[in-house]
Amino acid sequence: MDIAFAGKSSLGVLLRGVWDYLRESSLPTTSQIHEKFDMSFTLDKVVPWGRSYDEYLRMFALTENDLSRRILGCGDGPASFNAELSQRGGQVVSIDPIYVFDVDQINSRIAETYETVMAQTRNNQHEFVWDAISSVEELGRIRMTAMAIFLKDFAAGKQAGRYIAGELPSLPFATGQFDLALSSHFLFLYSEHLSAEFHLQALREMLRVAQEVRVFPLLMLGGSPSPHISFVKEQLAPDGFSIKIERVPYEFQKGGNEMLVVKASNMAFKRDGTH
């Protein structure tokens, strides 16, 4: 099943779920994607790569209090966070364009791309911190386990409204519907391909639906800090948002151990659904 996502944000759709360091392979290059924003979104343009519940806890420094809040995950892909938090009684919704497909289609695509991801990881393993995750093989086990948990939960979770097909920078949720919105390995990581204005629009939209936003990591694919961070801080600060960069207890991409935390003031949050 194909679905078209028109506009500049289609680049983000096609990159969503792609391995953090995918450089050169038989898959479409980012420049090819960039030239075809209006192309249909099909599963063969996606590399599903889901992170574990424990990785989410550390990437976003989530506390027990955080986990009791209403959480939105933007671009979660086949991560296990939704499934595992829901099993623990949490309230979480994930949004990602890959959710337009069914469990068999996603599972098949994971199987098709797994060896490519692992080969690229081995080729670039000097760019990672092999500490909490000790080896490429352990990484594969962790991610495949996470994706298996997601796949087992996906059909029931989608029916329950926990998995929604959609994308930034336009979210199909009511103003203030969530307490906390998370975005992992999408915003800032692809700063060379997604403009500063796109980032600002995406963050404003997340702040429309949630009182607090956390984004991880703050590095681009090459390991350099995103140039868009200063821009979005300058644009959001006058609207009364609290903006901080905080260290987190997670580092896999070398130097990738910080998240952006933006909190809405009461005034900004109540401003007719806009900021």
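Derivation of every value follows stated rules applied to the coordinates shown; laboratory data play no part. Keep in mind that what you see is a predicted model, and the values were worked out from it rather than measured. All Cβ positions, glycine included, derive from the backbone under ideal geometry; neighbour counts span all protein chains shown.
Among LYS244, LYS233, LYS45, which comes first, then next, by fewest other beta-carbon atoms within 10 Å?
Least to most surrounded, the residues fall as LYS244, LYS233, LYS45.
So what are the three principal axis dimensions of the stretch 144-259 from its Cα atoms, in whole Å, longest to shortest?
Each principal axis gives a Cα extent; for the stretch 144-259 these are 41, 35, 27 Å.
Give me the Å³ per residue figure for the convex hull around the C-alpha atoms of the stretch 48-269.
115
Relative to a virtual label point 7 Å from the Cα of THR63 in the Cα→beta-carbon direction, which members of the stretch 242-263 show backbone nitrogen distances below 19 Å?
Label zone hits: 242-250, 258-263.
Counting Lys +1, Arg +1, Asp -1, Glu -1, what net charge surrounds ARG122 among other residues with beta carbon under 12 Å of its beta carbon?
So the surrounding residues net to -3.
Just to confirm my numbers, what's the Cα centroid distance between the stretch 65-92 and the stretch 150-196 in Å?
Value for the Cα centre distance between the two parts: 11 Å.
Using the number of other C-beta atoms within 10 angstrom as an exposure proxy, rank HIS228, HIS126, HIS193 with the fewest first.
Fewest to most other Cβ atoms nearby, the residues stand as HIS126, HIS193, HIS228.
Go through the stretch 98-113 residue by residue and turn each phi into a ³J(HN,Hα) via Karplus (6.51, -1.76, 1.60, θ = phi - 60°); whole Hz please, and just put x for glycine and proline.
5, 6, 6, 8, 8, 4, 5, 5, 5, 4, 5, 5, 4, 4, 5, 9
Among ILE95, ILE133, ILE245, which comes first, second and so on when ranked by fewest other beta-carbon atoms within 10 Å?
Taking fewest neighbouring Cβ atoms as first place, the list is ILE245, ILE133, ILE95.
Just want to confirm a number: the relative contact order over the stretch 48-269, from Cα pairs under 8 angstrom separated by 6+ residues, in percent.
Across the stretch 48-269, relative contact order equals 24 percent.
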